[in-house]
Amino acid sequence: MSLLTEGIKIWAFAARGGIMNRRNFFAMFEMFFWPLVAVFSVGLLTQFLRLDEATVSFVLTGALAMNTMQIVQLDISYALLYDVWSKSLKHGFVAPIRLGHIVLGSGLIGLLRGLVVFVIMGVLSVYYFDMELLRPGWLALIWFLIGLFLMAAIAGTLVISLVLIFGHRAEITAWAITYLLMILCGLYYPISLLPSGARWLAEFIPLTFFLEYFRSFYGFPASVAHPLEWGLLLGLGYLVVSYLLMVLSLRASLSRGTLVKLSE
């Protein structure tokens, strides 16, 4: 199959995601409302606690990471959930498409929306709370964003897999998974504060190392010597595993009739 054909299929889901976001007031609302709530609630807390500039940047980095990653992950998850909610899931798979087209197409829209959220929160954090966002440099900032998008893709494909296996019962994971990562990855605190068992789990999550990599430029030591390399290695490995799990979940859904049950 030609690359042009594959590109058109991916673009079709990107275009669908763009249209649905543009026409859905609540999708646009959550894109601006929750990031604003996050940056001001966390930022004002840092002022109340009278934290130094480096610690302010440490905490606000967590707020930026969570909201950016969540908006991208939700766009990937919604690509399947919209069809589940409209009970038209089986109709989508009548077309000659694969799950990869869905993930890549919706991921492109999520990436654009995530960039908008990151820029808005970053500008507000710098202007109102004196966050030193550019202290690590542009290259480190780009690698940090790549890490966030990679984690969002992993979380999004995992949600799709769970929905294909368990149906409507797994919908809650689309919102819960980011908050679970927030606790384990030290979003607002170093993982050294976690209990030993939770700290052990955190060391297997790529987001932990992406956060430590970016925060190391503010003087906070990472738990490993090369956090960026560890994050990328784990992230790419998990992405491959999560994609394979998603494909296997679709096959299981087809064989057990779950796909039909989720449609009319």
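Observations on the structure shown:
- Residue within region 256-263 that is touching a residue at least 24 places away in the same chain (Cβ under 8 Å), over 21 Å from Ala153 (Cα atoms) and of a type in the set (Ser, Thr, Tyr) present: yes
- Selection over region 16-66 of residues that are farther than 19 Å from Val119 by Cα, within 22 Å of the chain's Cα centre (by Cα) and aromatic (Phe, Trp, Tyr) gives a count of 2.
- Pairs, first touching a residue at least 24 places away in the same chain (Cβ under 8 Å) and closer than 21 Å to Leu108 by Cβ in region 77-91, second of a type in the set (Ser, Thr, Tyr) and buried (at least 19 other Cβ atoms within 10 Å of the Cβ), C-beta under 8 Å, six or more apart: Tyr78/Ser106; Ala79/Ser106
- Hey, Phe144 under 17 Å from Ser57 (Cα atoms), assigned to a helix (DSSP H, G or I) and under 13 Å from the mean Cα position of the chain (by Cα) or not: yes
- Selection from region 58-78 of residues that are under 13 Å from Pro35 (Cβ atoms) and polar (S, T, N, Q): Asn67, Thr68, Gln70
- Residues of region 87-133 classified as under 17 Å from Gly43 (Cβ atoms) and either touching a Ser or Thr at 6+ places or on another chain (Cβ under 9 Å) or loosely packed, with under 15 Cβ neighbours inside 10 Å (or both), total: 13
- If the condition is being farther than 20 Å from Asp83 by Cβ, surrounded by 13 or more Cβ atoms within 10 Å (Cβ to Cβ), in contact (Cβ under 8 Å) with a residue 40 or more places away in the chain and among the hydrophobic types (A, V, I, L, M, F, W, C), then region 11-44 contributes Met31, Leu36, Ala38, Val39, Phe40, Val42.
- Matching residues, region 229-241, being touching a residue at least 40 places away in the same chain (Cβ under 8 Å) and surrounded by fewer than 20 Cβ atoms within 10 Å (Cβ to Cβ): Leu232, Leu236, Leu239
- Scanning region 178-193 for residues that are surrounded by 15 or more Cβ atoms within 10 Å (Cβ to Cβ) and out of contact with any Gly (no Cβ under 9 Å at 6 or more places or on another chain) returns Thr178, Leu181, Leu184, Pro190, Ile191.
- Only helices (runs of 4 or more DSSP H) whose full extent lies in region 37-130 are considered here, and the ones with at least 3 residues that are modelled with pLDDT under 95 and polar (S, T, N, Q) are 53-85.
- First in region 126-141 and among the basic types (Lys, Arg), second anywhere and surrounded by 15 or more Cβ atoms within 10 Å (Cβ to Cβ) and not in a loop (DSSP other than H, G, I, E, B), Cβ under 8 Å, 6 or more apart: Arg135/Ser57; Arg135/Phe217; Arg135/Tyr218
- Test: residue in region 194-208 that is buried (at least 16 other Cβ atoms within 10 Å of the Cβ), in contact (Cβ under 8 Å) with a residue 60 or more places away in the chain and not charged (D, E, K, R): yes
- Test: residue in region 47-59 that is among the basic types (Lys, Arg) and out of contact with any Gly (no Cβ under 9 Å at 6 or more places or on another chain): yes
The values are calculated or read from the model by the stated rules, or taken from the named source; none is laboratory data. Just so it is clear, the model here is predicted, and its values are computed rather than measured. Methodologically, a virtual Cβ is constructed for each residue, glycine included, from the backbone with ideal geometry; neighbour enumeration extends over all protein chains shown.
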